[in-house]
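Inspection log for the structure reproduced underneath, given as structure tokens.
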Amino acid sequence: MDARQLEYFLAIVEHGGFSKAAAALHVAQPSLSQAMANLEADLGVALFHRVGRGVVLSEAGAELLEPSRRVLRDMTAVRDTAAALSGLHGGTVEVATMPSPGIEPLTTLVQRFAERYPAVTVSTQAAFTPDEVVSMVRSGACELGLLGSASPVAVSGLDVLQVEDQPFVVVAAPQPHGPIRDDMAIRPDELAGQKLIASRPGSLMRSIVDEITAGGSGTGIVTVVDHRTSILPLVLSGVGVAVLPSSWTSLARRCGAVVAPIEHTAHLHVAMVSLPAHLTPAARAFLALTTSLARQRAQKN
């Protein structure tokens, strides 16, 4: 059963028959008849008695009148609420995000969104792999998902917006006489002797660290962390250096760290995923801002 079937049912009652109802609704009469046949089959009762060339309500049909009208009134109320929200005077947009995209571009997106739509709340939920983000969007737990992957992502059944590519960088505490200088490109072999702070195996970030340590020269992993929020404080305390996506650059520099691009490094491919339909007005507005940001960053490159 759906609202369209109930609308057709009420139109037949109000217009006194199928042909007049079809004309009023601007639908073909066979389509109207099929919709009613499907509704009667779903309910297991006849809603009309055919009398000659006309119809009259059955007892079951009469009992369905008020509930049908109530449902359609409630649907109208929902549409009115949605129309009010289309002005974005309230509501929430829910975004699943992985850690590094959750630093950037999420910060820029939320900042711009909050400036335009201050009455709308952006609610983010943590995910740690692209599959988790996709699952949260598919299930409806979040309307939008921001993920980062080793290669451009393609997901069946979801819309995918490629937002940006983030090269990896080395983040370190200031080293007056060391090889890591702010904004000066560094080769992996120049990290000889450095202690690296790493995430657990399975991430692109960890695979880059493993490639660096495989080269020998005294480079090794000093600590492994689950929470990416722990990495920058460990770097600043002098525990070691970290390999991170360039999304961390601005925050790291504001905190006093130096950031060096890595020559010929891999890139984190950042994308936003969403269901092809049924987005709330707030989610559509957030997606539109993301599309605009993606275009701006593509032009810079």
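Test of understanding: in a Gaussian network model of the chain with alpha carbons linked when under 10 Å, which of P261, P188, P67 would top the mean-square fluctuation ranking? Evaluated over the chain, the most mobile residue of the options is P67.
Of the beta bridges DSSP finds with both residues in the chain, what % are antiparallel, to the nearest 5? Kindly include the intermediate steps, with their values, before the conclusion.
On the way: 26 of 43 bridges.
Counting only bridges with both partners in the chain, antiparallel ones make up about 60 percent.
Compute the angle between helix 204-214 and the longest alpha-carbon principal axis of the chain, please, reported from 0 to 90 degrees and rounded to the nearest 10. On a 0 to 90 degree scale, this one is about 20. Here segment 152-301 was treated as a single set of alpha-carbon atoms; its pair distances binned every 10 Å from 0 give 11, 35, 29, 18, 7, 1 percent.
The solvent-accessible area of M205, taken with every protein chain present and a 1.4 Å probe, is close to 10 Å². Rounded to the nearest 10 degrees, the angle from helix 29-43 to the longest Cα principal axis of the chain is 80 degrees. Across segment 1-125, Cα pairs under 8 Å and at least six residues apart give a relative contact order of 20 percent.
Charged neighbours of N38, selected by a Cβ distance under 15 Å, balance to -3 (K, R count +1; D, E count -1). The residues of the chain present an accessible area of 51 Å² per residue when probed at 1.4 Å with all protein chains retained.
Report, to the nearest whole %, how much of the accessible area of segment 122-215 belongs to carbon and sulfur atoms, 1.4 Å probe, protein only. Taking all protein chains in place, segment 122-215 shows 51 percent carbon and sulfur surface. For the pair R69 and A277, a Förster radius of 35 Å applied to the C-beta separation gives a FRET efficiency near 0.80, rounded to the nearest 0.05. Looking at segment 19-62, the trypsin sites (Lys or Arg not before Pro) that sit in a DSSP loop and have at most 10 other Cβ atoms within 10 Å of their own Cβ are R53.
Report the extension gain between A298 and R253 in nm, rounded to one decimal, defined as 0.36 nm multiplied by the number of residues separating them, less their alpha carbon distance.
Working: separation 45, 0.36 × 45 = 16.20 nm, distance 2.37 nm.
Fully extending the segment from A298 to R253 adds 13.8 nm.
Residue order by solvent-accessible surface for K195, K300 is K300, K195, largest first, with ligands and nucleic acids left out and a 1.4 Å probe. Axis angle, to the nearest 10 degrees, between helix 281-300 and the longest C-alpha principal axis of the chain: 40 degrees.
Once the Cβ-Cβ distance between S149 and K195 is put in as r, and R0 is 30 Å, what FRET efficiency do you end up with, to the nearest 0.05? Mind dumping the intermediate values first?
On the way: r = 28 Å, r/R0 = 0.93.
For S149 and K195, the calculated efficiency is 0.60.
The values are calculated or read from the model by the stated rules, or taken from the named source; none is laboratory data. Computed from a predicted model, the values in this text were never measured in an experiment. No Cβ is skipped: glycine too gets one built from the backbone with ideal geometry, and neighbour counts run over all protein chains shown. Areas reflect the complete protein model, heavy atoms only, side chains present, ligands, DNA and RNA absent. Shrake-Rupley method; radii C 1.70, N 1.55, O 1.52, S 1.80 Å.
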